[in-house]
Every structure is written in C-alpha cells, then in structure tokens.
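The values are calculated or read from the model by the stated rules, or taken from the named source; none is laboratory data. Only a predicted model underlies this, so the values are computations on that prediction, with no experimental measurement involved. Cβ sites come from the backbone with ideal geometry, for glycine too, and all protein chains shown count toward neighbours.
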Amino acid sequence: MKRILMATGAFAVSVVPLHAQNFDDPQEFAKQQEQLQAEPMGPEGQPWLQHIGGEMTETADLGLEAPATVCFSNAGVNNPWRVVGYTNMMQEVANHESIGDFVHVDAEGSDDKQIADINDLLAGGDCDVMIVSPNTTAALTPAVERACEDMPVIVFDRGVNTDCPVTFVHPIGGYGFGIQGAEFIVENVDEGSNVLMLRILPGVDVLETRYSAGRRILDEAGMNIVGAEFTDGDNAKTKSIVEDYLMRGDIDAVWMDAGATAVAAIEAFEDSGYEIPVFVGEDQQDFLRKWQDEDLTAIAPTYPTFQWRTAVIAAARVIEGEPVPAPEWVLPQPAITQDELADYVNPAMPPLHYAMCGCESMENYPDAWGGN
C-alpha cells in the first residue's frame, strides 16, 4: 500500500539578499510573450501533459527502481491556490504504481524551515527523488543544489537559480501572467487612466516578474500608476488599501499579481459607492462568479494548479526511466476571458477553488476538492 507521510523539520537561519536576482529581464519578457502565442505539444485536452518547446532528456541512466520513495518539500499549503494544487498532487500520486511512499514536508511559508526540511530529508536517507516547490528563489537555491548531489530533483511552481534539477516544471511564467493582465487593461481604458497595482509579497520570482511585466506594459502605454501595494493576501488589508486610494481619487483599473483577494477589492468599490473598474483577477470561483453576476469588464490570467499534477508525473517518469522535457517543462498558461467565462464558472465548487485545475476527470472529483 502506498503511504503518504507528513514529515516535520527544525528551523535554521538563512538570509539571501534579493538584489542578486533579476526580475526585469527584457529577453525573458520577450520569450514569454512569444510563448503565450505558441501551440503546445502533447495530448489535446490534457494541458498538464503538454509542453511548449524544449528538448526531451533521457532519465534511464539515473538507475532508479520502482516503487521508489518521492519526497516533496513544499513551500506551504498556506493559501487557497496551494490547497487546490496540493489536492491535485495527492490525487495524482494515487495514479502511479512506480511511486511507493510519498513524503510531504510543509515549510509553512518559511525559507528557514524549508531549508531545514530539505536538510532533514537528506540526512534521513529515505528519498529516491525529491520534488521542491521553493518558498523564495534565492534563499532555496543552495538547498536545492545540495539535494541534487544526492538524487534527482524536480523543481516546480517557483524557480531557483541553478540548472541542477532534472527539470523545472512551470507554466509559461510570471512575465506571461503580467503581460496578459496589463495588455487587457491597455485595451480597455484610455491613455493616462489611473491604475492601482495590488501585489501579495516580495521576493518570489513568479510574483516579481508578474509585476515587472505588468508595470512595463502599463508604463509604456502611458497609464498613471497611482500605487503598487502589498496586500499580504489578506482580504481586510486589501479592502483597506483600495478604500484608501478611492479617497484620493478615481481608479479606472485594478491589476493584481494574484487574485485570491480580488473579490475583497471589488467589494471595496461597491461599499464605497463606486462603479467597479476594469479588473484583473485570477481563476478562483468567487471572482469568476462575481465577474459573471456583475457583468464586469475583466480577465483572469492563470497560473494553473494542474502543474501540481505535472510535478508528480515528472517524478514518476524519472523513476520509470522515461524522458521528460528539460531543462524546463513549460506548460500552457491560458487566460480566462469573457468568451470562456461560462465554461469555468461552477457553482458546485467552493468559492476559493481554482478553475484551471485540470482535475475534473480525476477519480475523486469533486469530493476531494470540497465540491458537491
């Protein structure tokens, strides 16, 4: 029987300066802009198995035997997007006989704890393959490099500054997300319009690049950025920020680097008696329903939670000696527009369920995701 194990780890101290990272790379911006238009390779209707560009790398020479133990160092299950993703992952693990035990370690959003968790997993000697979703980019790079010395490593979701993993699984990326939302705003408001940019937290590559791409497009289009504020992903703080800016003047559009608090931001306009402006949210159900109910001018760029399935699939392929896209496994990253909105609104799913989960055909859907 496959065992799903939860491990714990001690805390360590590590401080890595953010200035060493480049989150405003024109070449990467241009590459992701092009990838948004690319036709992915792989089975139609299964985007978690598709990839955009990249070469296939052989894994047969890694010498693994099935069933193998897969260890997962997780940045956290500390927001709804990650809860949906982790459910995807657990359901995908059950599909692979080549995965024996699956050990999950939750860093609870702490660099220090995640570094200690990885060190503990390495010291235990029980892992054959490691999956890492880094909490922040630079801080976790040395820990990932240490893990690569002992076993095949698959990084997904957030990146690290090393090419030692077998593959890095991710959708197109933060630049792509930022581009989709900002271009939508430019198409729907006049030059010089007031735009409020809402962010979650600093130091995470996919969030920093979302902001740099969005800011680049809005600035070049002559938009007036009235503010760029961190919300910490907190609904009350988000509402307070929006209300504060509404007291200063009109807001014509809201750009967000992640949409978990999008409904709270919308409610700030409603509570203050303002018309809801052009809005960039994400694919969680409460926002999609609000968009549909209020007939908003909106878009939902996505960072699909189906990538959590792909990380497990990559681990299983490594164990089985099958090729994987490398050095990156770049997944499609569709945005939900008005034309597709009705296809993704699902009243049977919880308000904070992320629609781009790729989970609808899985055995325990919708129950495992809290649906009915």
Mind checking which residues of the stretch 172-199 are assigned to a loop (DSSP other than H, G, I, E, B) and out of contact with any helix residue (DSSP H, G or I) (no Cβ under 6 Å at 6 or more places or on another chain)? Val189, Asp190, Glu191, Gly192, Ser193
Does the stretch 153-167 contain any residue that is in contact with a Lys or Arg (Cβ under 8 Å, 6 or more places away or on another chain), outside any helix (DSSP H, G or I) and over 19 Å from Gln32 (Cβ atoms)? no
What are the residue pairs meeting all of these: first residue in the stretch 227-246, first residue among the β-branched types (Val, Ile, Thr), second residue assigned to a loop (DSSP other than H, G, I, E, B) and buried (at least 17 other Cβ atoms within 10 Å of the Cβ), Cβ atoms under 8 Å, and 6 or more apart or on different chains? Thr231/Ile200; Thr231/Thr261; Thr238/Thr231; Thr238/Thr261; Ile241/Thr231; Val242/Ile251
Is there any pair linking a residue in the stretch 313-326 that is part of a helix (DSSP H, G or I) to one that is of a type in the set (Gly, Ala, Ser) and surrounded by fewer than 24 Cβ atoms within 10 Å (Cβ to Cβ), with Cβ under 7 Å and at least six apart or on different chains, and which? Ala316/Ser98; Ile319/Ala66; Ile319/Ala68; Ile319/Ser98; Glu320/Ala66; Glu320/Ser98
Given the structure, is Val195 touching a residue at least 60 places away in the same chain (Cβ under 8 Å) and either farther than 26 Å from Arg248 by Cβ or within 14 Å of the chain's Cα centre (by Cα) (or both)? no
Within the stretch 327-372, the count of residues that are out of contact with any helix residue (DSSP H, G or I) (no Cβ under 7 Å at 6 or more places or on another chain), in contact (Cβ under 8 Å) with a residue 24 or more places away in the chain and under 16 Å from Gly45 (Cα atoms) comes to 2
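Quick check on Glu108: is it acidic (Asp, Glu) and in a loop (DSSP other than H, G, I, E, B)?
Yes: the conditions hold for Glu108.
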Just checking, which of Asp157, Asp128 is under 24 Å from Pro323 (Cβ atoms), of a type in the set (D, E, K, R) and in contact with a His (Cβ under 9 Å, 6 or more places away or on another chain)? Asp157
Expected single match for in the same structural domain as Met89 (by TED's automatic domain parsing), under 30 Å from Val129 (Cβ atoms), among the charged types (D, E, K, R) and surrounded by fewer than 19 Cβ atoms within 10 Å (Cβ to Cβ) among Glu360, Glu320, Glu328 is Glu320
Which count do you get for residues in the stretch 339-357 that are exposed (fewer than 12 other Cβ atoms within 10 Å of the Cβ) and either farther than 18 Å from Asp293 by Cα or in the same structural domain as Met89 (by TED's automatic domain parsing) (or both)? 0
Does Glu270 meet the test of being among the acidic types (Asp, Glu) and in contact with an Asp or Glu (Cβ under 9 Å, 6 or more places away or on another chain)? yes
Is there a residue in the stretch 283-305 that is in contact (Cβ under 8 Å) with a residue 12 or more places away in the chain, touching a His at 6+ places or on another chain (Cβ under 8 Å) and crowded, with 19+ Cβ neighbours inside 10 Å? yes
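To keep it simple, each residue is scored yes or no on (1) in a loop (DSSP other than H, G, I, E, B); (2) outside the structural domain of Val166 (by TED's automatic domain parsing); (3) at pLDDT 95 or above.
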{"residue": "Ala30", "(1), (2), (3)": "no, no, yes"}
{"residue": "Gln33", "(1), (2), (3)": "no, no, yes"}
{"residue": "Met56", "(1), (2), (3)": "no, no, no"}
{"residue": "Asp61", "(1), (2), (3)": "no, no, no"}
{"residue": "Leu64", "(1), (2), (3)": "yes, no, no"}
{"residue": "Val70", "(1), (2), (3)": "no, no, yes"}
Subset of the stretch 223-263 (residues that are part of a strand (DSSP E or B) and modelled with pLDDT under 95): none
For the stretch 265-289, give me each residue that is within 26 Å of the chain's Cα centre (by Cα), assigned to a helix (DSSP H, G or I) and of a type outside the set (A, V, I, L, M). Glu267, Gln285, Asp286, Phe287, Arg289
Please state which of the following conditions Ser133 fails to meet, knowing it meets all the rest: (1) in contact with a helix residue (DSSP H, G or I) (Cβ under 6 Å, 6 or more places away or on another chain); (2) modelled with pLDDT of 95 or more. (1)
Pairs, please: C-beta under 9 Å, at least 6 apart or cross-chain, first residue free of Cβ contacts under 8 Å to residues at least 12 places away in the same chain and assigned by TED's automatic domain parsing to the domain that holds Val77 and in the stretch 97-115, second assigned to a strand (DSSP E or B) and crowded, with 21+ Cβ neighbours inside 10 Å? none
